[in-house]
Amino acid sequence: DAKTTQPPSMDCAEGRAANLPCNHSTISGNEYVYWYRQIHSQGPQYIIHGLKNNETNEMASLIITEDRKSSTLILPHATLRDTAVYYCIVRGDRDNNAGNMLTFGGGTRLMVKP
Amino acid sequence: DTGVSQDPRHKITKRGQNVTFRCDPISEHNRLYWYRQTLGQGPEFLTYFQNEAQLEKSRLLSDRFSAERPKGSFSTLEIQRTEQGDSAMYLCASRENSWTEAFFGQGTRLTVV
């Protein structure tokens, strides 16, 4: 799976949009971009994923550049409860011996401030 | 609640003791994963089951670690002769297919004193 690069930390004001960047310059054609987040002392939680089109769900929007070498997760109106570590993960859609497991990097620690 | 359940949530043990953790995945999910997470790091893959078969083990999984999923439902992770370096959060995840989203449990936090 391709490697991802994320800033280690970011701050965001409550009520404002949080834009979390991710670089994945070695992504290959069949690899998806996944985002998970982990709130303190909890397990990771799935947020959203996409291949090449922008995606939106009730939690967030995912913007993938046309060359697919980077993406941005957007939380449109951040709340204090969005304070968490956000992981950007690139993963193929085909099974392998490890069941297509997720490979986590260090993630971005987002601090939403009042 | 039909999410992934892990038990116990917290475990404190003395060095050298054996510990066992349990994971109950979402019922229709045949894929089950164990991860370990140390402070400030992302989760690291330990092992993977498809139904009752353990198909992959990370080199992080030393001989003191053993995992089972006897009937393809719940899974256990045992650590023998615990060491202080085993202190971590142990996470379990399940998914229906290899390309669908994974659901994680709340984790078991192990402290070895």
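Couple of notes before you dig in:
- Of the numbered criteria (1) within 13 Å of chain A (Cβ to nearest Cβ); (2) surrounded by 14 or more Cβ atoms within 10 Å (Cβ to Cβ); (3) more than 14 Å from the chain's Cα centre (by Cα), the one residue B:52 fails is (1).
- Some residue of segment B:12-23 being open to solvent by less than 60 Å² (accessible area, probe 1.4 Å), within 14 Å of the chain's Cα centre (by Cα), among the charged types (D, E, K, R) and modelled with pLDDT of 95 or more: no
- Residue under evaluation residue B:78, criteria (1) in contact with a Phe, Trp or Tyr (Cβ under 8 Å, 6 or more places away or on another chain); (2) modelled with pLDDT under 95, criterion not met: (2)
- Flag if residue A:106 is in contact with a Pro (Cβ under 8 Å, 6 or more places away or on another chain), at pLDDT below 95 and not aliphatic (A, V, I, L, M): yes
- Selection over segment B:91-109 of residues that are open to solvent by 10 Å² or more (accessible area, probe 1.4 Å), over 21 Å from residue A:40 (Cβ atoms) and within 7 Å of chain A (Cβ to nearest Cβ) gives a count of 2.
- The residues on offer are B:59, B:31, and the sole one that is more than 12 Å from the chain's Cα centre (by Cα), within 13 Å of chain A (Cβ to nearest Cβ), loosely packed, with under 13 Cβ neighbours inside 10 Å and not hydrophobic (A, V, I, L, M, F, W, C) is B:59.
Here is a yes/no grid of residues against (1) out of contact with any Gly (no Cβ under 8 Å at 6 or more places or on another chain); (2) within 17 Å of residue A:3 (Cα to Cα); (3) away from every other protein chain (no Cβ under 14 Å); (4) part of a loop (DSSP other than H, G, I, E, B):
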residue: A:22; (1), (2), (3), (4): yes, yes, no, no
residue: A:34; (1), (2), (3), (4): yes, yes, no, no
residue: A:43; (1), (2), (3), (4): no, no, no, yes
residue: A:63; (1), (2), (3), (4): yes, no, yes, no
residue: A:78; (1), (2), (3), (4): no, no, yes, yes
residue: A:81; (1), (2), (3), (4): yes, no, yes, no
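The values are calculated or read from the model by the stated rules, or taken from the named source; none is laboratory data. In this text the structure is predicted, and so the values were computed from the model without any measurement. Don't worry about glycine lacking a Cβ; one is built from the backbone with ideal geometry, like all the others, and counts go over all protein chains shown. Calculation scope for accessible area: heavy atoms of the full protein, side chains included, ligands and nucleic acids excluded. Shrake-Rupley method; radii C 1.70, N 1.55, O 1.52, S 1.80 Å.
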